[in-house]
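Please treat every number below as a calculation from the coordinates, not as lab data. For clarity, every value in this text was computed on a predicted model and none was experimentally measured. Neighbour counts run over all protein chains shown; Cβ positions are idealised from the backbone, glycine included.
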Amino acid sequence: MRRMGALVIGMAISGSALAGVDGNATLTTDYVWRGSSQTLEDPTVQAGVKLSSESGWYGSVWGSGVSFEPDAGARSEFDFVAGWGGSLSEDWALDVNLTHYMYPSTDQGVDLDWTELNGTVTFKGNYWLSMGVSDDALASDTTGTYAQLGARFPINDQWRIEAAVGQYFLDKEYADDYLHGQLSAIWKVHGPWELRLTAHDTDNAGKRLFGSNAGSRVEFAIQTAF
């Protein structure tokens, strides 16, 4: 899968002129993904880099510290992404990508890696609908479909509010479907620096699936782009 991702990225970027290289970095009190803590509620550092072409094709890699229970040895996560993003009209934009989630430090014989096809439709830059589909959701060898509806509400040049609700449809043989929501207040401190305070919550099905790593929690993050 890593070879295929590298090949797709290479073909996409080499097929047209390189438009830019962007990076990001985050220090967060908790890595919460789709309503569940990926670090047992501990802080971690995250960073990523993205290469984009003028035609809209791009490739990126993003990494974060992780910690799971039961412990399978995973201490890091790397997301390799190859996709295309661009405007469909004055108001609408589309992003479609293939994401490979990799956990290189797992114990011998444990495989937590998996791949997902994702798509996001954005309206006027402030409203979005995202879908993710995998036949190996959460490395479970079962099918999962994730849907998220979100919006951002600018208050002024420095402050904005973001809200999203997501539903994860999982095969019954693996787990129940579950619902989660999040609400963020973001303050653009200076230049590319932002402070983000996010409240997360999941329904009871999420708590049954992820235990104490789901449910209500608050995450504080300092992030920047470069």
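If the convex hull of the alpha-carbon atoms of segment 76-226 is projected onto planes in all directions, what is the mean projected area in square nanometres? List each step's numbers first, then the result.
Numbers: hull surface 42.1 nm².
Hull-based average projected area comes out at 10.5 nm².
What is the Cα centroid distance between segment 127-164 and segment 181-226, reported in whole angstrom?
13
Let me have the relative contact order for the chain, percent, based on Cα pairs under 8 Å that are six or more residues apart.
RCO, the chain: 15 percent.
Rounded if a/c is under 1.5, else prolate if a/b is larger than b/c, else oblate: which is segment 152-226, with a ≥ b ≥ c the root eigenvalues of its Cα gyration tensor?
It comes out prolate by the Cα gyration axes.
Going by C-beta contacts inside 10 Å, put 57, 128 in order with the fewest on the left.
128, 57
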